[in-house]
1. Taking chain B as a Gaussian network, Cα atoms linked when under 10 Å apart, which of B:166, B:273, B:342 shows the biggest mean-square fluctuation?
2. So for the pair residue A:76, residue A:42, with labels modelled 7 Å out along Cα→Cβ, what separation do we get in nm?
3. Please give the length that would be gained between residue B:308 and residue B:205 if that part of the chain were fully extended, namely 0.36 nm times their separation in residues minus their C-alpha to C-alpha distance (nm, one decimal).
4. Using only atoms on other chains, find how many Cβ atoms lie within 10 Å of each Cβ of peptide B:340-353 and report the average.
5. Helix-only estimate, please: 222 nm mean residue ellipticity of chain B, summing -39500 (n - 2.57) across DSSP H runs of length 4 or more and dividing by its residues, to the nearest 500.
6. Taking 0.36 nm per residue of sequence separation and subtracting the Cα-Cα distance, how much length would be gained by fully extending the chain between residue B:335 and residue B:391, in nm to one decimal?
7. Provide the FRET efficiency to the nearest 0.05 for the residue B:137-residue B:12 pair, computing r from the beta carbons and using R0 = 41 Å.
8. Please give the average number of partner chain Cβ atoms lying within 10 Å of the Cβ of each residue in A:17-23, rounded to a whole number.
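Every number here is computed from the coordinates shown, using simple stated rules; none is lab data. Please read all numbers here as calculations on a predicted model, not as lab measurements. Neighbour counts are summed over all protein chains in view; Cβ atoms, including those assigned to glycine, are modelled from backbone coordinates with ideal geometry.
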């Protein structure tokens, strides 16, 4: 069992967390003006990097989204960071 | 030298001291230029090379492999072959693979030990029988064998399952694909490698692709750990590492890489003569010819490139298995491992030209790549030879993520990817 650290609840088992995608994948502005390709990038395309990754995760038991830096090979995970406003 | 495998050659070599066998494939030095380069010597890459030679007469081909051939997901899967999908596009794809598998041992002169012992999808509750009937009907309409079984028929076929009154995963019925089954996974890789090598294909192992050669906006080859190799058409079949290769080529893919685990028990006498999946615990099992129970389940839920699994998923799989088959509680697990699978948002593969012209994709097979190997090879070979889609691969182009014509098999056939 891997332990992830929720910025609000502290260290908790991995089964309480849900992957939420790449950090910084902002929803395109201007609904109708957005091209099919840009919608596709936002909705489906992922960086899916090998090594250091910056991701959004949800701690399902408290319902909060937060940012987490991990290594997708060693699976080492830094403590989660609270998201502030629109950043990053 | 003995090239053809047969009872006669076995007898002759037995009499003459087994000295005449030639290596199953050559290991040549890479040439500076080929007509076609294929990245990845797993099942899909090797099958692509074989069908380029067989169907299109293109033999000036290199298959480049970072490690050893068949050492990725081709050697890590649970060897299940089936085409029990919902959408016509998927059935056309996976049944092409199944039909090719049915003739593959003869075609390759290599025994892939195909055993069409039946693929049984259990149904736990009476209400779920509606969906089971829908899947059975869809398969039959699409021209694939499928039978809807009631509880008694499942019980006759699978007597060791837990049918007790307090069973956690009861049985209301099942969907059987009689042509489904298992094959020897290593033999598929080795058989294609041998046949491709004999046709003139160079299989270059221990050669890592470091970058693409891009000239005039087109892919013109690859830079590898053993030097530059040029070709005007490049195909990639690298499963879990597809996004890593795509980043080198300057584009992204709608894929996430996850670890998928499997495990095997110690060998026992024959107890299970079909491949069975129970959707409740999302656990499936079959028994290998050696007697080991080969067991798998759902994906690990944490994106990963580490080829090992996490304990919570393994616990779920094993807990599900011993609920399904209480007799298996006494068995010891011998090995557990994981492969890295590239999962697309609609649980269907991506086949077609990439955003970099001259580079063609065969990826996104998720948890179901092994069963599709002959089709993936046929279709990528068609693309590399003609530059055009085969009718069967067209719906699986990358453009479906912009047009919205997704082929959502996770929803369609309810098969967990």
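1. Comparing B:166, B:273, B:342 in the GNM, the peak value goes to B:166.
2. 3.6 nm
3. Gain on stretching residue B:308 to residue B:205: 34.8 nm.
4. If you average over the peptide's residues, the count of other-chain Cβ atoms is 1.
5. Details: 12 runs with 121 residues, N = 417.
Helices in chain B give a 222 nm mean residue ellipticity of -8500 deg cm²/dmol.
6. 16.1 nm
7. Taking R0 as 41 Å, the efficiency between residue B:137 and residue B:12 is 0.20.
8. Whole-number average of other-chain Cβ neighbours for A:17-23 is 2.
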